[in-house]
Amino acid sequence: MSHPSFQSAAALTAFGSYVPDRILTNEDLSRIVDTNHEWIVQRTGIVERRISAEDEYCSDLCFAAVRNMLERYPVQLQDVDFVLVATTTPDTFFPSMAARVQAEFGIASCGAVDIQAACAGFVAALQIANGLILTGVHRKILVIGTETLSKITDYTDRTTCILFGDGSGAALVERADKGAFIGSYVSTSGGEGHQLYRSSLSSSINGKEILANGKIVQNGREVYKWAVSQVPRGINALLERYSLTVEDIDWFVPHSANMRIIESVCEKTGIPIERTLSSIEHYGNTSAASIPLAIDLALKEGRMSEGDTVLLYGFGGGLTESALLLRWTL
Ligand code: UT7
């Protein structure tokens, strides 16, 4: 299955993940803010989330996910020629997390770039990796999606602190004779950027005053409305572009923002909920890490098989969307 307007010379060859040990339950949160387990489960589907230790940072989570990948797949990193890390919570803005990964694993010579597309970041990084491999210059790219959102969450704001958690996923993307990426879709609603942000410098977006407190700030209702109208529209546009139907999709992996958003998207597009993978219940919303974490949960449960057609759909801060259709090759 391929389309003349989309080219790919890349395939996934390894996958790994990591979540911190510490669990923050809904019960725990109800002792911090005015909330309760029932409200959180009913409105979001989240039961618990993982929280990094005080001295555990984004770079540590990146390293741990890559180590997990190396333990599970017979791959080596010496000839990796590009590292792409998608994150909104780097422990240092420079050096980049990608450069830290290069040093940690002693990768001889490679490009190293962090990308920032919030919850769409992991899928955006896969799209970029496919493009870099298509140039013919790059052959083996390490793509990581990692967040330590707990470090930028305002635990006095009950509308946001119940949502976010920490985690990390890693994938190896390699040049392949038969490219496994089938199609992609992107869209940006920058005019709505002030609905979801984190700022520690500027105090305005789109001419609107914002809080520059270094924490995540979100107008949940507006982001919710945007997601449940934009994501189905994007899925339909992508399927139409590549002359496919929902029956062609074996697994739908949306960003795990909120279970209700996922259910609404499934209802509007006709994608069966049983064909949907999420990491929301036990990890919460982990932004750039949520899609690789959902995939890895399914891999460990033996749910995905080689040859499956998988639709990844990241959406969030920006507001931005990145979707990728691929043939599963692991
Ligand atoms: O990953 C990036 C993209 N982000 C998203 O996709 C997030 C999108 N938004 C959401 O997931 C939801 O809007 C939330 C989970 C953030 C909120 O759920 P909601 O169903 O939209 O709730 P709401 O904001 O409409 O609030 C309903 C009520 C309000 O009370 P009143 O005004 O009806 O009396 C809130 O004050 O629920 C109240 N509320 C809470 N109650 C208990 C808000 N937060 C809480 C809470 N516990 N934690």
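The values are calculated or read from the model by the stated rules, or taken from the named source; none is laboratory data. Owing to the predicted nature of the structure, the values given are computational and were not obtained by experimental measurement. Virtual Cβ from ideal backbone geometry, glycine too; neighbours counted across all protein chains shown. Remember, those area values only see protein heavy atoms, side chains included, never the ligands or the DNA or RNA. Shrake-Rupley method; radii C 1.70, N 1.55, O 1.52, S 1.80 Å.
Of the listed residues Asp177, Asp308, the order by accessible area with a 1.4 Å probe, largest first, is Asp177, Asp308. For the chain, the mean residue ellipticity at 222 nm estimated from helices alone is -9000 deg cm²/dmol, where every DSSP H run of n ≥ 4 contributes -39500 (n - 2.57) and the total is divided by all residues, rounded to the nearest 500. Remark: the chain carries a charge dipole of roughly 560 debye about the Cα centre, counting +1 on each Lys and Arg Cβ and -1 on each Asp and Glu Cβ. Accessible surface of the stretch 247-289, 1.4 Å probe: 43 percent of it comes from carbon and sulfur atoms. If R0 equals 35 Å, the separation of the Cβ atoms of Asp55 and Leu134 corresponds to a calculated FRET efficiency of about 0.30.
Out of all DSSP beta bridges in the chain, what portion is antiparallel? Express it as a percent rounded to 5.
Percentage antiparallel, nearest 5: 70.
Sorted by accessible area with a 1.4 angstrom probe, largest first, how do Leu330, Leu293 fall?
Details: Leu330 45, Leu293 5 Å².
Descending accessible area places them as Leu330, Leu293.
Given the options Val231, Leu244, Leu277, identify the residue whose Cα lies farthest towards the positive end of the charge dipole of the stretch 182-327 (+1 on Cβ of Lys, Arg; -1 on Cβ of Asp, Glu). So the residue furthest toward the plus end is Val231. Between Ile152 and Arg260, the modelled labels are 2.5 nm apart [label points 7 Å from Cα along Cα→Cβ].
Using a Förster distance of 41 Å, how high is the FRET efficiency between Leu211 and Ile273, based on the Cβ-Cβ distance and rounded to 0.05?
Numbers: r = 36 Å, r/R0 = 0.87.
With a Förster radius of 41 Å, E is 0.70.
Using a 1.4 angstrom probe with every protein chain in place, what is the largest-first accessible-area order of Cys110, Cys161?
Working: Cys110 40, Cys161 0 Å².
From most accessible down to least: Cys110, Cys161.
Within the same chain, lysines fewer than 8 places from Lys208 are excluded, and of the rest, none has a Cα less than 16 Å from its Cα. Of the solvent-accessible surface of the stretch 10-179, computed with a 1.4 Å probe over protein heavy atoms with every protein chain present, carbon and sulfur atoms account for 51 percent. Think of a 1.4 Å ball rolled over the protein heavy atoms: the stretch 10-179 then has 41 Å² of accessible area per residue. Heavy atoms of the protein chains alone define the surface here; on that basis the stretch 182-327 has 41 Å² accessible area per residue at 1.4 Å probe size. Residue pairs exceeding 19 angstrom between C-alpha atoms, taken from Lys225/Lys268; Lys151/Lys225; Lys151/Lys215: Lys151/Lys225.
Applying both filters, DSSP loop and at most 16 other Cβ atoms within 10 Å, to the chymotrypsin sites (Phe, Trp or Tyr not before Pro) of the stretch 3-60 gives Phe6. Can you tell me the FRET efficiency between Ala103 and Glu222 if r is taken as the Cβ-Cβ distance and R0 is 56 Å, rounded to the nearest 0.05? For R0 = 56 Å, the calculated efficiency reads 0.85.
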